[in-house]
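Data block below; observations after.
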Number of protein chains: 2
Amino acid sequence: MELKPANTQQIILEAAEKIFIDKGYSETKTVEIAKEAGVNHAMLHYYFRTKENLFNKVFENKANFFLGTFKDVFQADLPFFEKIKTIVEAHFDRIGANPKVPVFVFREIIANKAKRDFILQKIVPAGRPVIRELEQMVDAEVKKGTIAPVTPLDLLLNIASLNVLSYAMAQVYFDFDKGLTPEINAFLAQRKRNNVEVILKSLKVERE
Amino acid sequence: MELKPANTQQIILEAAEKIFIDKGYSETKTVEIAKEAGVNHAMLHYYFRTKENLFNKVFENKANFFLGTFKDVFQADLPFFEKIKTIVEAHFDRIGANPKVPVFVFREIIANKAKRDFILQKIVPAGRPVIRELEQMVDAEVKKGTIAPVTPLDLLLNIASLNVLSYAMAQVYFDFDKGLTPEINAFLAQRKRNNVEVILKSLKVERE
DNA sequence: AATTAGTTTAACAATCCTGTTAATTCCCGG
DNA sequence: CCGGGAATTAACAGGATTGTTAAACTAATT
């Protein structure tokens, strides 16, 4: 992916990202970040002044990543159910690219009220358009009677819940740090299939 | 609930529980636990020797609680779909009694491999019977053709995912520490209804 | 080559945190 | 009431950790 560790600042940021996400804020020592980055630890102060500053940069990036996992998947021009399927799968895969991030974000928010406010003020508003877009899609179908009436928020939360916890559970059952073994891949593939199916079924109209 | 803060050891344990779950292992300072418990911080060492020792006691309790949320809900003698509904709701409510615990458990496991092994060895085997009991219930219905074929593991993970993330999300959106406002209760009630419905629908037989 | 701004280094100060210990108080059985 | 073990306190040692700074180095410009 990123092939230019050109400047020290970027190197530090990437090292910090890795370690913060692995260990959380206070289990992470600035010296360790410096070591991982291969620079003198005074450099962290030179570029970022404080540990918290550096952390906030990382956290903002990652929180945006996690909460933005929905934004990019509405483009395709497909039939409704195909589109939903695509959204669920794309979301699943995006979490797969950073499987530790969601739990990291939740944990840090719950542990630290200041960060919760930060999220609410800066990031949730950005999610508004996603809801609205989904709302239009869903409402149109509901009106046609092709799907059951659901709120877009519930639908969104259902997708996020199934996908996020699939990876969280995988990290409890398996040792994720040693790469994706066939066993892990099988588990994830099964969950992916299951999640799509559950979401699609949740939209089906009930008949008696 | 617990009306006997009789001995110091118990007081310390309860204080530790509260703070560890709020802040995680390393953000928690032993002095703070002592202050919360209203005792000299040397008492922690007197009763528990080390911080890690104390943490492990708390963690084991809470991890067992979380993973045991399924065990107690299979008793009722009801029709299948009613039973599933009861299970989902009971699980939801048990998480509600300790809403921060699931994310706490995930985070600490992911941050600390040693704890993951601990979980796998001591706690997952205890979950085996739950799977088996569910398996019997499900298989019987599948054979009758009254529900779609699903693996009990998937069903279990689906329930856990929806319920756990409902509370995790609630803690991102709302300030949970100031008690349950009507707003929070409304959100949770809606999620509870939704989760039951999604799970039940996931079991419905597909028709064309 | 000299100047300068930007970067890096090494050493250190200050604080914080865990664990320890020796002395003191508490409480109960005799 | 007294002796002794358990519980508690105050004080501190040792280590880790973050942040700071002054000096040294680098590279581009003149």
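For residues that are farther than 21 Å from B:A189 by Cα and free of Cβ contacts under 8 Å to residues at least 40 places away in the same chain, scanning just region B:149-164, find the one that is surrounded by the fewest Cβ atoms within 10 Å (Cβ to Cβ).
B:P149
Taking region A:35-79 as the search range and keeping residues that are within 16 Å of the chain's Cα centre (by Cα), more than 14 Å from A:I123 (Cα to Cα) and aliphatic (A, V, I, L, M), which one is modelled with the lowest pLDDT? Give the steps one after another, and end with the answer.
Taking region A:35-79 first, the residues within 16 Å of the chain's Cα centre (by Cα) are A:58-73.
Retained after the next criterion (residues that are more than 14 Å from A:I123 (Cα to Cα)): A:58, A:72-73.
Checking which are aliphatic (A, V, I, L, M) leaves us with A:58, A:73.
Values: A:V58: 93, A:V73: 66.
Among those that are within 16 Å of the chain's Cα centre (by Cα), more than 14 Å from A:I123 (Cα to Cα) and aliphatic (A, V, I, L, M), it is A:V73.
Can you say whether B:K204 is within 9 Å of chain A (Cβ to nearest Cβ) and over 24 Å from B:P102 (Cβ atoms), as far as the supplied structure shows?
Details: within 9 Å of chain A (Cβ to nearest Cβ): yes; over 24 Å from B:P102 (Cβ atoms): yes.
Yes: the conditions hold for B:K204.
For region A:91-145, give me every one of the helices (runs of 4 or more DSSP H) that falls completely inside it and has 3 or more residues that are more than 13 Å from chain B (Cβ to nearest Cβ) and farther than 15 Å from A:I21 by Cα.
Values: elements: A:101-111, A:113-122, A:124-144.
Of the helices (runs of 4 or more DSSP H) lying wholly inside region A:91-145, those with at least 3 residues that are more than 13 Å from chain B (Cβ to nearest Cβ) and farther than 15 Å from A:I21 by Cα span A:124-144.
Filter region B:166-180 down to the residues that are surrounded by fewer than 17 Cβ atoms within 10 Å (Cβ to Cβ) and out of contact with any Ser or Thr (no Cβ under 9 Å at 6 or more places or on another chain) and list them by number.
The initial filter retains those residues of region B:166-180 that are surrounded by fewer than 17 Cβ atoms within 10 Å (Cβ to Cβ), namely B:173, B:175, B:177-180.
Within region B:166-180, B:Y173, B:D177, B:K178, B:G179, B:L180 meet the criteria.
Does A:I95 fit the bill of being surrounded by 19 or more Cβ atoms within 10 Å (Cβ to Cβ), away from DNA strand D (no atom under 16 Å from the Cβ) and over 30 Å from A:L203 (Cβ atoms)?
Details: surrounded by 19 or more Cβ atoms within 10 Å (Cβ to Cβ): yes; away from DNA strand D (no atom under 16 Å from the Cβ): yes; over 30 Å from A:L203 (Cβ atoms): no.
Here the answer is no, as A:I95 does not meet what is asked.
When only residues in region A:56-65 that are charged (D, E, K, R) and either within 14 Å of another protein chain (Cβ to nearest Cβ) or away from DNA strand D (no atom under 16 Å from the Cβ) (or both) count, which is surrounded by the most Cβ atoms within 10 Å (Cβ to Cβ)?
Going through region A:56-65, the residues charged (D, E, K, R) turn out to be A:57, A:60, A:62.
Among the residues that remain, those that are also either within 14 Å of another protein chain (Cβ to nearest Cβ) or away from DNA strand D (no atom under 16 Å from the Cβ) (or both) are: A:60, A:62.
Details: A:E60: 15, A:K62: 20.
Filtering region A:56-65 for residues that are charged (D, E, K, R) and either within 14 Å of another protein chain (Cβ to nearest Cβ) or away from DNA strand D (no atom under 16 Å from the Cβ) (or both), the one surrounded by the most Cβ atoms within 10 Å (Cβ to Cβ) comes out as A:K62.
Checking the structure you have, find out if any residue of region A:32-55 is within 20 Å of B:Q171 (Cα to Cα) and more than 11 Å from DNA strand D (Cβ to nearest atom).
Restricting attention to region A:32-55, the residues satisfying the condition of being within 20 Å of B:Q171 (Cα to Cα) are none.
No, every residue in region A:32-55 fails to be within 20 Å of B:Q171 (Cα to Cα) and more than 11 Å from DNA strand D (Cβ to nearest atom).
Just a yes or no: is a residue in region B:109-126 among the small types (G, A, S), within 22 Å of B:E27 (Cα to Cα) and under 14 Å from the mean Cα position of the chain (by Cα)? Working first, answer last.
Let us first name the residues in region B:109-126 that are among the small types (G, A, S), namely B:111, B:114, B:126.
Subset that is within 22 Å of B:E27 (Cα to Cα): B:111, B:114.
Then keep just the ones that are under 14 Å from the mean Cα position of the chain (by Cα); that gives none.
No: zero hits.
The values are calculated or read from the model by the stated rules, or taken from the named source; none is laboratory data. Predicted, not measured: the structure shown is a model, and the values here were computed from it. Every residue, glycine as well, gets a Cβ built from its backbone with ideal geometry; the counts of neighbours run over all protein chains shown.
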